[in-house]
Structure formats: C-alpha cells, structure tokens
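J.: Dropping the structure in here first, questions after.
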Amino acid sequence: MKIVINLQYLHNSHLKTFIENLPKLFDENDAATLYDKRNVIKSFNIDYSDNVLHSVVIKRYHCPNIFQRIAYSFFRQSKARRAYQNAETLLTRGFSTPINIAYVEQWKNGLFKYGFYLTGFDGAHPICEQLNDKEDFNKIIASDFAAFAAELHAKGILHGDLNSTNVLFHPLDNGHYSFSVIDINRMTTRPSGDFTPNECFDNLTRFTGRMDLFEYVLKQYIIARNWDVDKCLPQAIAIKKHHDEQWRKRKAFTGKIKKIF
C-alpha cells in the first residue's frame, strides 16, 4: 500500500495503525456504511481524543477495470490522490471541505487496485433539501450559493460535479449561509480565475434540473461576477438546455442497453 497522511495527523499512532489495516477493516465493518453503489463510503471512530478522528469518513473508489488499473498504475493519479490534493487547494484558497486526513492506494500484482480517501465528518445537509426538493425554494440559500459559486470560479476552481448533493450548507448567525463541497476528485484548478463564461456556465448546469431555480441562481451569479446580465443570461440558458438535452439522450440510450442485457 501507498499511504499519505496529513502532516497534522502524522504522529497519531491510532490513525497509523488503523490505516495499515484499512482494507481488511473496511471490508469487515458493514454497520458503518453510509453509501454503497459504484463507490462505497463508510464512517469510523478512530481516536476519541481527537474530535476530527472521532468521526472519520472513508470513501473507497470502485475497483477499475484492467485498462484503468494500468492507467492509474503508470500514467494517471488515482481519484483518492486527486481528492486529497484538491482538498488542499480548496482549503488554501479559503473554501470549506472536510479536512483531508489521508489517502491510501492499494496495489495487487504490481497494479493499482483500490483508492481510499479519508476525511473528517462535515455533518451538514446538502443544498438540494432547500432548493430542488422545495416547490418554493429558499431564495436566501439560492442567492448565497450563487455568490459562493462565483467566488469559487473567480479563484480558479471548477468543481467537476457541482450538483446539489455535493454542496453542503451551513447556517450563519446573520441569517445567511456558508457552504462546503464534497466529491472533489474531478476538480479543475488554475492559478487564477481565467475560466471563460461558457466554462463557468457549463459548470453550473448540474445543480438543478429546474429552470426557475437555475435562472434565479444564474442571474445572481452573473451579477456577482459583474458581467452583463442581458448578454450572459440567454447564453447560459442555451448552454443549460443543450446540457440537459444531451443528458436525456444518454439516459434514454443507456436505458435501452440495460433492457437488452
């Protein structure tokens, strides 16, 4: 195994012992499962003297096929490593994400097999609860999310899957909200926010399928970027409609394939 531990936890003997036995412990602990589909996410308590390690969330990325295993072994960084490094970028640039405790790469017969990413536990709720799931969506959260996304892009970060389950909201004392992001292995980063408007608009399309919500957030986003609303709004809506149509076609195609097999 390859093990990389955050410097602030490097001398924690409980954590090191746990990680050295991680593949076995992960398979044996079914009671801690939070999510079990393509990837598996479980929670563990490691060290009761540390509030962060009291609740550790571990994501094991799915076992790639043989071609992907070769790619991850020799040509590409693993998803676990990318998530760990992207968390460092987010935190350094002033954004919130669960603390990156460690990442582990498990190898077999000289090839990469599994990647594990260990983080602290956030405990916040996803914005979908206040936006997508409500007929009358929370306009304060929607506006604050728009400002958050604008700052994220302006500081050179495109979240690879900015959907409403990957953004968590935190109430503030002044009635507004701050946000943290998860599922960050597919982030695109640049030293400064030199993304084009089209790149930014495309990145925003995934947080909702509702056009009323999308247009509201989009307008607030454009204002936060100091862009021309009359020019950018139709442009962004066209990108959204194209994205949603392509998504519907992919779903229809994969649905037909599933019926065949």
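The values are calculated or read from the model by the stated rules, or taken from the named source; none is laboratory data. Just so you know, these numbers come straight off a predicted model, no measurement behind them. Neighbour counts run over all protein chains shown; Cβ positions are idealised from the backbone, glycine included. Surface areas here come from the heavy atoms of the whole protein model, side chains and all, with no ligands, DNA or RNA. Shrake-Rupley method; radii C 1.70, N 1.55, O 1.52, S 1.80 Å.
J.: What size of dipole, in debye to the nearest 20, comes out for the chain about its Cα centre when the only charges are +1 on Lys and Arg C-beta atoms and -1 on Asp and Glu C-beta atoms?
T.: 1420
J.: Output needed for the stretch 93-180: three equivalent-ellipsoid semi-axes, defined as square roots of 5 times the C-alpha gyration tensor eigenvalues, in descending order, whole Å.
T.: 31, 14, 13
J.: Provide Met187, Met1 ordered by accessible surface of protein heavy atoms (probe 1.4 Å), highest first.
T.: Met1, Met187
J.: Same structure again: For a 29 Å ceiling on Cα separation, which of these pairs sit above it: Lys24/Lys155; Lys2/Lys155; Lys79/Lys108; Lys42/Lys240; Lys59/Lys219; Lys37/Lys139? All intermediate terms of the calculation are to be shown ahead of the outcome.
T.: Values: Lys24/Lys155 40 Å; Lys2/Lys155 31 Å; Lys79/Lys108 17 Å; Lys42/Lys240 34 Å; Lys59/Lys219 35 Å; Lys37/Lys139 32 Å.
Result: Lys24/Lys155; Lys2/Lys155; Lys42/Lys240; Lys59/Lys219; Lys37/Lys139 exceed 29 Å.
J.: A follow-up question, please. Which one, Leu25, Ser13, Tyr48, projects farthest toward the positive side of the charge dipole computed for the stretch 1-65 from Cβ point charges (K/R +1, D/E -1)?
T.: Leu25
J.: Stretched out fully, how many nm does the piece from Ile260 to Asp30 gain, at 0.36 nm a residue minus the Cα gap? Let's see the in-between values first.
T.: Values: separation 230, 0.36 × 230 = 82.80 nm, distance 3.31 nm.
Contour length minus Cα-Cα distance gives 79.5 nm.
J.: Given a Förster radius of 51 Å and the C-beta distance between Ile66 and Asn174 as r, what FRET efficiency does 1/(1 + (r/R0)^6) yield to the nearest 0.05?
T.: In this case the efficiency is close to 0.45.
J.: Any chance you could get the radius of gyration and Dmax over the Cα atoms of the stretch 67-107, in Å?
T.: When restricted to the Cα atoms of the stretch 67-107, Rg and Dmax are 12.2, 37 Å.
J.: Using a Förster distance of 30 angstrom, determine the FRET efficiency expected from the C-beta separation of Arg38 and Asn226, and round it to 0.05.
T.: E between Arg38 and Asn226, to the nearest 0.05, is 0.15.
J.: Moving on. For Ile237 and Lys108, what does the FRET efficiency come to when R0 = 51 Å and r is the distance between their Cβ atoms, rounded to the nearest 0.05?
T.: Plugging the Cβ-Cβ distance into 1/(1 + (r/R0)^6) gives 0.60.
J.: So what J values fall out for the stretch 8-23 if you push phi through Karplus, 6.51 cos²θ - 1.76 cosθ + 1.60 with θ = phi - 60°, rounded to Hz, Gly and Pro as x?
T.: Once rounded to whole Hz, the list reads 6, 10, 4, 9, 7, 5, 4, 5, 4, 5, 4, 5, 4, 10, 4, x.
J.: Let me ask another. Along its three principal axes, how long is the chain when you only count alpha carbons? Whole Å, largest extent first please.
T.: 57, 53, 36
J.: While we're looking at this one, here's another question. What nm value, rounded to one decimal, do you get for the distance between His54 and His11 when each label is placed 7 Å out toward the C-beta?
T.: About 2.3 nm separates the two model spin labels.
J.: Percent of alpha carbon pairs in the stretch 31-146 separated by more than 21 Å? It would help to have the intermediate numbers written out before the result.
T.: Numbers: 3491 of 6670 pairs.
That fraction is 52 percent.
J.: Roughly what % of DSSP beta bridges within the chain run antiparallel, to the nearest 5? All intermediate terms of the calculation are to be shown ahead of the outcome.
T.: On the way: 34 of 35 bridges.
That works out to approximately 95 percent antiparallel.
J.: Order the following by accessible area, largest value first: Ser73, Ser180, Ser43. Probe radius 1.4 Å; ligands, DNA and RNA are ignored.
T.: I get Ser43, Ser73, Ser180, largest accessible area first.
J.: Starting from the 7 Å offset along Cα-to-Cβ, what nm value, one decimal, do you get for the label separation of Ile140 and Glu88?
T.: For the pair Ile140/Glu88, the computed spacing is 3.8 nm.
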